[in-house]
Each structure stands twice: as structure tokens, then as C-alpha cells.
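Colleague: The structure is given below, and queries will be raised subsequently.
Derivation of every value follows stated rules applied to the coordinates shown; laboratory data play no part. Keep in mind that this is a model prediction, so the values were computed, not measured. Cβ atoms come from the backbone with ideal geometry, glycine included; neighbour counts cover every protein chain shown.
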Amino acid sequence: MSNVDPNFEPKIVGFFCNWCSYRAADLAGSARITHAPNVRTIRVMCSGRVDPTFIMKALSLGADGVLIAGCHPGECHYIEQNYKAMRRFHMLRHTLRAMGVEDQRVQLVWASAAEGQQLADAIDKMVAEIKQLGPLGWSQNWEENGQRLKALEDIVHEHQEAMEVPV
Amino acid sequence: MSGTNGKGKLAIYWAASCGGCEISILGIDDKILELAKAFDIVFCPCIADGKVSDVEKMADGEIDVCLFNGGIRTSENEYMAQLLRKKSKVLVAFGSCATEGCIPGLGNLHSRQAIFDNAYQESFSTENPDRVRPQTKTPVPEGALHLPLFYETLRTLDQTVKVDYYLPGCPPESPKIWEALQAVIGGKLPPPGTVIGANTTVCDSCPRTRSEKKIKEFKRTWEVIPDETTCLLEQGILCCGIATRGGCGALCPQVNSPCIGCYGPNDDVEDYGARLFSALASVIDSQDPREIEEIIQKGIPDPVGTFYRFSLAGSQLRRSKRVAAS
């Protein structure tokens, strides 16, 4: 897209798992690794806790993107729930594609508690990609154009004007 | 009950719907006589003559119960929803269309322009050399002719006006309709906002045998003849029973056909499709991202039509992204 707004700061909701990726974010902080400040982090116990409803809800309420971060496959604190997260993510992406949402807007990354730098890089990359895409502004998709209220008024007038057969 | 003859006043209206809901009301059979004893049907364009102006002349709240089926597709639908809301004490979103958009709501995958182009130009059986499209106003020598405005996005009834009760289903099953009508007749209404169905899923009333679910491949219904006693989902057939509200009696799986989800989400579920594909994802038997993607791509070619067949308009995203404002 050519008309990228340089002032656009994406709002990204992040769901980070308690055991790996939230700690990676913590590590990035204590190691003073700089990264884009656009992710609003929500800590969940496991990436497997992230119901796709949360993501749909975030997008419908104005988020420009959603980042899900969990432990690496095989390293889940709850044995295999991150695989569940992975399968849900593929289902979600398949569905969102069909609804016209670009792949970059919902991403899944794996970050161990030691990977502060990798997580910061993933955040920077995602923010840059969404800046290129521009705002999502989902609720604008629901708006009718200005004709709607006029059309409703017209019905009232029409009914008033309509000829009734005199009794 | 407000009528002078001691009877209540009942209205039945259709907006963007197919008429199947009215048929389902007739499915209560001889109990229709009991209904007629309790209610005067004051407005029902499907079965009785009546004018909108008659409704406009009524006092506010004069109708005791209005069963409103259909989604809000045009300005006329919206006008009628507002009018009937004002004139009715109890407004029931009747059927899947009014509750969550149903099949007409799948139009939300397209723009008004695309829908018109298809309906009035591109479809195989259409011949329209002058490229005529419906206009909201057409001048003729006698004056102006009007058509309602067709909206870009179909909305559900409760996205338009306040709704008291929901009766889901495509169509609602007659026993549930009778149950709801009896509650009204007997003055035993549940708390406002109640969805009249079961507070459980279709699986609960399905007689098939269930065991551990692990799926390597989703099969389309035409690809296999399913075994009649095992859970359809375990056979790889995408059955929506796991996420769908019960109340229908699991009619479809009992005749070897998968549940397609017409009773919508259970209580406390905000997004039917998300709940459904989340559950389906859990039973895919693979941990390899490439294989998972392949299983999904091959087995579910139309994700929105599969997960949101009845609930797109009522889902959290409500529609697909609009490309350019028209």
C-alpha cells in the first residue's frame, strides 16, 4: 500500500503465556531491550487458554492486530496445550482470511523465557507490518452510508402520503 | 391480556427470511385451536390480510406478543422492527434469522453492489440487457414509486431494537414454539433475555456412541456413507453438534446427517463460530503445522459458510471486511 500514514500507531493486543513468553517479555524489560510499545499485553496461564473469541473480540473492538505468544512446541507447562493453540490458530487464520483480514494482523509466535530478544524482534516486525497495512477499524465495516436514516424517514412520509380507499 | 374479548393480541411478522418459521408455527398442529382461543392474531402478513397502517394506528404496547422472524436487510425491515417493538409488550426474536442472521446473513460476505450484480445481472437465469437495478425511488407519470433501501450489512433483530426473548432454530422446532406460547398464555414467562431452547448441546440428545475424538481428515457429507451408530465427528464428518444449543432433539444426526448448527450458540457463548472451530481444532490429530494446515484447507474449503452458516450477522465480526466504501 502506498498511502501509509507515518503517524499511525497500531494498537496490538498481546496474549502471552505465563510460563515462557510473558517471562520473555519480562526479560526483555530487565535486559533493557528496546522494542515498539504498541503491544498491550494480557497475561494468560497458557496459549491454550486463548479462546479465538478473545481475538475476534479484540479485532471487533478496535485492535489493529493480535499477537499470541506461547512456549515452544514440546515445552508447554501444561504438556501439549500450545499444540491446541497452534491448531486453533490455523483454524482462525483460515476463517479470518475468508473474511478479508490480512494474515499479518493475527500472529502466533513461540518464545521461551530466555528469548527476550526474539520476542522483542517479533513485536517490532509485527508492528512494522501492521503500519504498512494501516488501521483495521473493524466497526466501520458495519456502518451504513448516509442514506439509511433518510430511507427510514421516507417510509414514514410514504405511509402518510399513501392513498387510503375512502370508506 | 388486553383484548376486549379477554383474548391476547398476537402479531407474527417476517423480515429478511424464507417463510419457514410460519410453517413451523403451523407445525403445532391442533394446538393452533388452543392458540386461537387465547389470542387474536392481529397482524400476520403471511396468513392474514392486514395493513401496516392498522399497526401504526394501534396504541403503544397494545400487542401482547410479537413473534418477529427474519433479519434486518432493508429500511422496511428496520422500520417494521421499530414499529412492532413500540407496539408490543413482548418482542420475541423468532428463528435463526432474527436471532443471529441465518442464511440471509451470509450476504454479509459481500457488498450490496456485489449482491445486486449477481441477482440482477450475473446469475445464469438472468437476462437484463438494460442493466436495470432496483431504485429506492422511480418517477412515473402518476407520481413516485418507492422501494426500501437495501442495506450493505444485514443486522440481527437485537442489533436493531431491544429484544425480550429468543427462540432459535432454522426453523424453531414446533414443540419449543408451543412451549414458549404456553409460557405466554399461562403468564409464566422466563426472565427477559432468555433463549428458549435447552441449555446444553445437541450431542446431549444424540443417541450415537461417543469415544475419544481424533481426526486426521475432515470428510464432506457426499464423500462417505456414515455408520449409523458412531459419533459422526469421530467418523471425520464435520458435525456442529458439539457447539450447538440443544432443543431440537438432535434430529439431523438421527437420520445420518451432521448437525449444521441452526440452533446457534449455547448460553454464555459470545461467538458461535469461534467456539465451533476451537472445539474442532482440539480434535485434529496432528502436531505438525504443515499437516494441520493441509487437513484444514482440504477438509474445510468454506470456513465462514461452515462455522458461521447461521450466525455470521450475529457474530463478533458480523461481516467480511468491506473493500472500498461504495
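Colleague: Connecting C-alpha atoms closer than 10 Å in a GNM of chain A, tell me which of A:38, A:82, A:145 has the biggest fluctuation.
Modeller: A:145
Colleague: In addition: Quick one: which residues, 5 or more positions from residue B:284 or on another chain, have an amide H under 5 Å from its amide H? H modelled 1.01 Å from N in the peptide plane, none for Pro or chain starts.
Modeller: For residue B:284, whose amide H was placed from the backbone, the distant partners under 5 Å are B:215.
Colleague: Which value at 222 nm does the protein assembly as shown reach when only helices count, each DSSP H run of 4 or more adding -39,500 (n - 2.57), with the total divided by all residues and rounded to the nearest 500 deg cm²/dmol? All intermediate terms of the calculation are to be shown ahead of the outcome.
Modeller: Working: 17 runs with 164 residues, N = 493.
The helix-only estimate for the protein assembly as shown comes to -9500 deg cm²/dmol at 222 nm.
Colleague: I'd like the FRET efficiency for residue B:115 and residue B:268, computed as 1/(1 + (r/R0)^6) with the beta carbon distance as r and R0 of 35 Å, rounded to 0.05. It would help to have the intermediate numbers written out before the result.
Modeller: Values: r = 33 Å, r/R0 = 0.96.
The calculated FRET efficiency here is 0.55.
Colleague: Right, here's the next one. Once you put a point 7 Å from the Cα of residue B:291 and another 7 Å from the Cα of residue A:121, both along the Cβ direction, what distance in nm separates them?
Modeller: About 2.9 nm, to one decimal.
Colleague: If you don't mind, there's one more thing I want to ask. Round to the nearest 0.05 the FRET efficiency obtained for residue B:26 and residue B:199 when R0 = 25 Å and r is the Cβ-Cβ distance. Could the numbers behind the result be given before it?
Modeller: On the way: r = 27 Å, r/R0 = 1.09.
For residue B:26 and residue B:199, the calculated efficiency is 0.35.
Colleague: Further question on the same structure: Once the Cα gyration tensor of the stretch A:54-105 is diagonalised, what are the square roots of 5 times its eigenvalues, in whole Å and ordered largest first, as equivalent ellipsoid semi-axes? Could the numbers behind the result be given before it?
Modeller: Values: eigenvalues 109, 29, 14 Å².
Square roots of five times the eigenvalues give 23, 12, 9 Å.
Colleague: Same structure again: Rg and Dmax in Å for the stretch B:202-307, alpha carbons only: what are they?
Modeller: So, for the stretch B:202-307, Rg and Dmax equal 13.2, 38 Å respectively.
Colleague: Place a +1 charge on the Cβ of each Lys and Arg in the stretch B:245-322 and a -1 charge on the Cβ of each Asp and Glu, then give the dipole magnitude about the Cα centre in debye, rounded to the nearest 20. Display every interim value, and only then the final one.
Modeller: On the way: 9 positive and 10 negative charges, 100 e Å.
The calculated dipole for the stretch B:245-322 is roughly 480 debye.
Colleague: Test of the criteria: in the stretch A:33-102, which GluC sites (Glu not before Pro) are in a DSSP loop and have at most 14 other Cβ atoms within 10 angstrom of their Cβ? Intermediate values should be presented prior to the final figure.
Modeller: Numbers: sites: A:75, A:80, A:102; in loops: A:75, A:80, A:102.
Passing sites in the stretch A:33-102 are A:75, A:80.
Colleague: Which of B:5, B:46, B:278 sits closest to the plus end of the dipole of chain B, meaning its Cα is farthest towards the positive end, when Lys and Arg get +1 and Asp and Glu get -1 on the C-beta?
Modeller: The listed residue farthest towards the positive side: B:5.
Colleague: Separate question: Roughly how big is chain B's charge dipole about its Cα centre, with Cβ charges of +1 (Lys, Arg) and -1 (Asp, Glu), in debye to the nearest 20? Provide the component values of the computation, followed by the final result.
Modeller: Working: 35 positive and 41 negative charges, 123 e Å.
The dipole magnitude comes to about 580 debye.
Colleague: Among B:220, B:290, B:73, which one moves the most in a GNM of chain B with springs linking Cα atoms closer than 10 Å?
Modeller: Highest fluctuation among the options: B:290.
Colleague: Give me the Kirkwood hydrodynamic radius of the stretch A:1-153, using the inverse of the mean 1/r over all pairs of distinct Cα atoms, in Å to one decimal.
Modeller: About 16.4 Å, per the Kirkwood formula over Cα pairs.
Colleague: Rounded, prolate or oblate for the stretch A:1-58? Axes are the square roots of the Cα gyration tensor eigenvalues, ordered a ≥ b ≥ c, and the cut-off for rounded is a/c under 1.5.
Modeller: On the way: a/c = 3.49, a/b = 1.25, b/c = 2.79.
Taking the square roots of the gyration eigenvalues as a ≥ b ≥ c, the stretch A:1-58 is oblate.
Colleague: Let me ask something else. Whole angstrom only: what separates the Cα centroid of the stretch B:265-326 from the Cα centroid of the stretch B:12-84?
Modeller: Comparing the Cα centres of the stretch B:265-326 and the stretch B:12-84, I get a distance of 33 Å.
Colleague: Positive end of the charge dipole of chain A (Lys, Arg +1 and Asp, Glu -1 on Cβ, about the Cα centre): tell me which of A:128, A:41, A:79 has its Cα farthest that way.
Modeller: Farthest towards the positive end: A:79.
Colleague: Beyond a 28 Å Cα-Cα separation, which of these cross-linked pairs lie in this structure: B:51/B:137; B:214/B:298; B:7/B:188; A:131/B:162? Before the final figure, lay out each step's value.
Modeller: Numbers: B:51/B:137 22 Å; B:214/B:298 17 Å; B:7/B:188 17 Å; A:131/B:162 39 Å.
Beyond 28 Å between Cα atoms: A:131/B:162.
Colleague: Under unit Cβ charges (Lys, Arg +1; Asp, Glu -1), what dipole magnitude, rounded to 20 debye, does the protein assembly as shown have relative to its Cα centre?
Modeller: Numbers: 52 positive and 61 negative charges, 187 e Å.
Magnitude of the dipole: close to 900 debye.
Colleague: Moving on. Across bins of 10 angstrom width beginning at 0, how are the C-alpha pair distances of chain B distributed, in whole percent?
Modeller: 6, 23, 29, 23, 14, 4, 1, 0
Colleague: Sort all Cα-Cα distances of the protein assembly as shown into consecutive 10 angstrom bins from zero, then give the percent of pairs in each bin up to the one containing the longest distance.
Modeller: 4, 17, 24, 24, 18, 10, 4, 1, 0
Colleague: For a quick check: sort B:58, B:80 by the number of other beta carbons within 10 angstrom, fewest at the front. Before the final figure, lay out the partial values.
Modeller: Values: B:58 18, B:80 23.
Ordered by Cβ neighbours within 10 Å, fewest first: B:58, B:80.
Colleague: Relative to the first principal axis of the alpha-carbon coordinates of chain A, what is the inclination of helix A:21-30, with its axis defined by its Cα atoms, in degrees from 0 to 90 and to the nearest 10?
Modeller: Once rounded, one gets 70 degrees.
Colleague: Could you put B:227, B:29 in order, starting from the residue whose Cβ has the fewest other Cβ atoms within 10 Å? Please report the intermediate quantities before stating the final value.
Modeller: Working: B:227 13, B:29 9.
Placing the least packed residue first, the sequence is B:29, B:227.
Colleague: Among DSSP beta bridges lying fully in chain B, give the percent that are antiparallel, nearest 5. The partial results should precede the final answer.
Modeller: Working: 9 of 30 bridges.
Among the beta bridges of chain B, antiparallel pairing accounts for roughly 30 percent.
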